[in-house]
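Please treat every number below as a calculation from the coordinates, not as lab data. As the structure is a computational prediction, the values presented were derived from the model and not from experiment. Note that we place each Cβ from the backbone using ideal geometry, even for glycine, and neighbour counts take in every protein chain shown.
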Amino acid sequence: MPQTAVETWAIIPARGGSKRLRRKNLLPFDGRPLVGRAVATALASGCFARVLVSTDDEEIAGAAIQAGGEVPFMRPAVLSGDTASSVDVLLHAVTALGGKDSAPATIALIQATSPLLTCEHVRAALKLFSDSGFVSLSSMKEVNQYPEWMFRVEEKSGRAMPESPGGIVAAASSLPRRYIENGAIYLVQTAWLLAEKSLYNFSRHGCYVMSGADSIDIDTEEDFAQAQFELARRCQSDQKNSI
């Protein structure tokens, strides 16, 4: 049976100390800060019993609460640096909220810096996860850079050697389709997360495919500009279609 909202929490990690793009989780996007947009998307999906934000920053916490999210704890400094993993953040959240006896069947990690993730994406990912019996799942986009076409280059001599001498002349149509995670949403059974401290059960891991345009992940000023351009393009297209 499909997952119900009672069985699933959304957790949105949003620390204050981003370095490549300062205060990126608070950047305004389509009228609200990125963290607020992520909270609103999760709530609008109707998929979650709780929408929680894990942050170490009071301003981010305020933006999350204003959007309707919960901030029941502040993330400790040890989990707020560059080396803290998403798994560490999720484990801390589950533990802080009562551990396995209080946790739901499924945890969703939603990234605030993926602003083109929609509630429709969230619903579809949860449905795929539930219907397919996956233990874990991550959103991905198709890649068009084939390993078979890649070269290794010696730094001193500049000599180039193909990774796959046979593959270098292969037609794209003959090569397998490949995907890379876009970071927008991860789903995992809570029992697996707690037992294995991992977001991946590779024997039962699912892929929810998103378009390249929907997969923009904001980590730099260039990423933010690209996301804004894509949003403007869509708004312009919607206006033309409504005429």
Here the gain from full extension of ARG178 to ALA44, 0.36 nm per residue of separation minus their alpha-carbon distance, amounts to 45.2 nm
Each residue of segment 187-192 in order: what ³J(HN,Hα) in whole Hz does its phi give by Karplus 6.51 cos²θ - 1.76 cosθ + 1.60, θ = phi - 60°, with x for Gly and Pro? 10, 8, 5, 4, 4, 5
Diffusion constant of segment 4-74 at 4 °C, which comes from Stokes-Einstein with the Kirkwood Cα-pair radius and 1.567 mPa s, µm²/s: 107 µm²/s
In what order do ILE65, ILE185 fall by count of nearby beta-carbon atoms within 10 Å, going from fewest to most? ILE65, ILE185
In degrees, nearest 10, range 0 to 90: what is the angle between the Cα axis of helix 119-132 and the longest Cα principal axis of the chain? 80 degrees
Test item: Cα-centred dipole of segment 27-72, Lys/Arg +1 and Asp/Glu -1 on Cβ, debye: 260 debye
Label-point separation, ARG152 to SER237 (7 Å along Cα→Cβ), nm: 4.1 nm
Ranking ARG75, ARG20 by Cβ neighbours within 10 Å, fewest first, what do you get? ARG20, ARG75
Hey, what does the equivalent ellipsoid look like for segment 189-232, semi-axes from the Cα gyration tensor as sqrt of 5 times each eigenvalue, largest first, whole Å? 32, 13, 7
Expected sort for 98-106, 66-74 on mean C-beta neighbours within 10 Å, highest first, is 66-74, 98-106
In Å, the Kirkwood hydrodynamic radius of the chain over pairs of distinct alpha carbons? 19.5 Å
Taking Cα atoms of segment 1-127, Rg/Rh with Kirkwood Rh, to two decimals? 0.94
Using θ = phi - 60° and the Karplus relation 6.51 cos²θ - 1.76 cosθ + 1.60, list the HN-Hα couplings for segment 138-149 in order, rounded to whole Hz, with x at every Gly or Pro. 9, 6, 9, 10, 6, 10, 10, 9, 7, x, 5, 9
Between VAL78 and ASN144, what FRET efficiency follows from the Cβ-Cβ distance if R0 is 45 Å, with the result rounded to 0.05? 0.70
How large is the Rg to Rh ratio of segment 170-243 when both quantities use alpha carbon positions and Rh follows Kirkwood? 1.12
Place a point 7 Å from the Cα of LYS127 in the direction of its beta carbon; the residues of segment 171-215 whose amide N falls under 20 Å from it are 184-188, 206-212, 214-215
Surface/4 of the Cα convex hull for segment 85-187, nm²: 10.6 nm²
Among the aspartates and glutamates, which have Cα under 13 Å from the Cα of LYS24 when same-chain residues fewer than 8 positions away are ignored? ASP57, GLU59, ASP217, ASP219, GLU221, GLU222, ASP223
So what's the Cα pair-distance distribution over segment 140-209, bin width 10 Å, in %? 16, 30, 26, 21, 7, 0
Using a Gaussian network for the chain with springs between C-alpha atoms less than 10 Å apart, which of these wobbles most: ASP217, ASP131, ASP57? ASP131
Given H placed on each backbone N at 1.01 Å, which residues far from GLY16 in sequence or on other chains put an amide H within less than 5 Å of it? ASP56, ASP57
Quick one: if you stick a label point 7 Å off each Cα along the C-beta vector at GLN66 and ARG22, how many nm between them? 2.0 nm
Expressed in angstrom and rounded, the centroid-to-centroid distance over alpha carbons for segment 51-73 and segment 139-171 is 44 Å
Helix-only mean residue ellipticity at 222 nm for the chain, each DSSP H run of n ≥ 4 adding -39500 (n - 2.57), per residue, nearest 500: -9500 deg cm²/dmol
